[in-house]
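Have a look at the structure below, then the notes.
The values are calculated or read from the model by the stated rules, or taken from the named source; none is laboratory data. Quick caveat, the model's predicted, so the values are computed rather than measured. Don't worry about glycine lacking a Cβ; one is built from the backbone with ideal geometry, like all the others, and counts go over all protein chains shown. Remember, those area values only see protein heavy atoms, side chains included, never the ligands or the DNA or RNA. Shrake-Rupley method; radii C 1.70, N 1.55, O 1.52, S 1.80 Å.
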Amino acid sequence: MALNIRKDAIVYQIYPRSFKDSNGDGVGDIRGIIESLDHIASLGANHIWLSPVYESPNDDNGYDISNYKAIQPQFGSMEDFDELIFEAKKRGIGIVMDLVINHTSDEHEWFKRALAGEEKYRNYYIIQKGKNGKIPNNWGNFFAECPWSKFGNSDNEYYLHLFSKKQPDLNWHNPDVFDEVKGIMRFWLDRGVVGFRCDVINIIYKNTLADGKKQLVLTGREHYLSTDGCHNILQRLRSEVLEPYGAFAVGETVFVDLLQAKALCDSDRGELDMIFYFEHMEVDQVFVKWFKTQLKPKKLMQTLTKWQNALQWNACYFENHDQPRFISRFKDLGSYRAEASRMIAGLLMTLRGTPFIFEGQEIGMVNGDFNNLSEIEDIESHNIYAMAKRLKIPKGMRWKMIKRTSRDNARTPMQWSAAKNAGFSSGKPWLKVNANYGEVNVAAESEKPNGILAFWKKMIKMRKENEILANGCFKVLFEGNRIYAFERELNGKRLISVSNMTGKRAKLPKSLQCYDKLVVSNYEKGGRGDMNPFEFRLYYAENK
Ligand code: TEU
């Protein structure tokens, strides 16, 4: 089955709460996105992936949906949404929705009717009797809580939630759930959306609720990761819903290894167009993501290479709304914020696969400058902090963990200008604006012909116009402690991508010194001799 997205397309991810507030309530909204479309169009994005904009009580900022066919009132109305589709389309931009179908909100009508005792809706969820006065099994939970909560007033019944207790998991053994989801997808496809980003899609189908093998995190996961039932659902969603519309699907897939990944997105499978895997996000973690160590560039390079080689087509990303800002992970970032951001632009646009840019990445936004837990909103961070307290991890260390890993690091308001609240909102922003906004903002960047934004635009343009970058094959050339180099090749024409992933100068390896046709460097006076800190270069060569 062919890809349902052009190979030269670029996707821009918006976290709507944090993007642009048009009405001064401190929360970003759809009209704010409409006002900002020219920025996204000038960047060169073909699609916008919207994190959830559906009605939600916001326990997990919209990933807990109470009505899949309504817009979150804080974000606007369905008319605003239709206008967004229309205005985006006018600029050649398609809208991609976030499809969260592992769970709903406990405030969804289905769950409420289940609680009211309607058998039909009880079967939409995973409700189980306790075992010997205890919860039904020994599974873990993504947000470090107990995955089972009492179902209503019942004495001995529990419902499963792999995320927060306000996110009950759906029962994908029930064909009615499948039909409901098909209806939801068609509802949005009929309004003009071009694809879906499918939230934690490889965990939706639970084979059994039996106890799992004890693990450090997520005990029980062998019972629900990439099950046959999940593959079957994905194949049917593809053929019955997506294909007739020519719509694409990118899956967020947790804990996938290469084999599982291939089974989810190789083209002959007829499931997903591509997946977001996590291994390159995890190169600076110890066992679990809350314990971080220094990022070792070589490990990052090896991981990128491994996935580039394994999959027919990749979803390439370095940031999203769940991850700390990527450039903040470099221990020797120092004063090289601009150079590192431009290096990532070069790297992202030259890897093989669809590049996903997260809002703010194009101006080199860094982690939030939070001082204490009261400044953090994210449910996951609060839960982890509480767990660390239970484990008697000292207060200072607990905070250090959260500060470095919190998902809020990427969710701070978009920095548009040096005006009050970074031009994000005239009211009090729901999450603290980074204090560096006077210097780091879209307006300031727009004035700099050789700035960060200008370089992102340049690389995006190149990625879109160059057939080698869209279609060429990938071959790694060099993985060192500092320098990463690979080639993209098409019909004997080659582009050589070279990145210095450190804040130190680095010798260009001998094997790369033969290239002399520089296409671009992220340094004004770069491109020759030793590599500058975080320098990126692209060379052109032809096969001899
Ligand atoms: O994330 C799923 C996921 O596993 C992680 O990325 C998550 O952020 C967490 O760190 C697990 O420890 C998706 C969404 O992207 C995330 O925002 C949601 O909170 C989550 O699913 C539940 O819908």
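Summary table below
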{"quantity": "Peptides 476-485, 278-287 ordered by average Cβ neighbours within 10 Å, highest first", "calculated": "476-485, 278-287"}
{"quantity": "Sequence-separation-based contact order of the stretch 470-542, relative, with Cα cut under 8 Å and 6+ spacing, percent", "calculated": "31 percent"}
{"quantity": "Residue-averaged 222 nm ellipticity for the chain, from DSSP H runs of 4+ at -39500 (n - 2.57), nearest 500", "calculated": "-7500 deg cm²/dmol"}
{"quantity": "Using alpha-carbon coordinates, inclination of helix 379-390 to the longest axis of the chain, degrees", "calculated": "80 degrees"}
{"quantity": "Heavy-atom accessible area ranking, 1.4 Å probe, most first, across E319, E35", "calculated": "E35, E319"}
{"quantity": "Cα lying deepest toward the dipole's positive end in the chain, options M459, G94, P57, charges on Cβ", "calculated": "M459"}
{"quantity": "Integer Hz, Karplus 6.51/-1.76/1.60 couplings in order for the stretch 284-291, x for Gly and Pro", "calculated": "10, 10, 10, 6, 10, 5, 7, 9"}
{"quantity": "Relative contact order (percent, whole number), the chain, Cα cutoff 8 Å, 6+ residue spacing", "calculated": "14 percent"}
{"quantity": "Heavy-atom surface of the chain, accessible at 1.4 Å and reported per residue (Å²)", "calculated": "38 Å²"}
{"quantity": "Accessible surface, 1.4 Å probe, highest first, among residues H321, H173", "calculated": "H173, H321"}
{"quantity": "Whole-Hz ³J(HN,Hα) from phi, Karplus 6.51 cos²θ - 1.76 cosθ + 1.60, for the stretch 518-528, glycine and proline x", "calculated": "6, 8, 7, 9, 8, 10, 4, 10, x, x, 9"}
{"quantity": "Radius of gyration, Dmax [the stretch 470-542; alpha carbons; angstrom]", "calculated": "11.6, 36"}
{"quantity": "GluC sites (Glu not before Pro) restricted to the stretch 503-544 and DSSP loop, no more than 15 other C-beta within 10 Å", "calculated": "E524"}
{"quantity": "D (Stokes-Einstein, µm²/s), Kirkwood Cα radius, the chain, 1.002 mPa s at 20 °C", "calculated": "89 µm²/s"}
{"quantity": "Percent accessible area from carbon and sulfur atoms, the stretch 1-99, protein chains only, probe 1.4 Å", "calculated": "47 percent"}
{"quantity": "Degrees between helix 78-90 axis and first principal axis of the chain (Cα, 0 to 90, nearest 10)", "calculated": "30 degrees"}
{"quantity": "Among 358-366, 241-249, the order from most to least packed when residues are scored by Cβ within 10 Å on average", "calculated": "358-366, 241-249"}
{"quantity": "Percent of Cα pairs exceeding the 15 Å cut-off, where the set is the stretch 430-513", "calculated": "71 percent"}
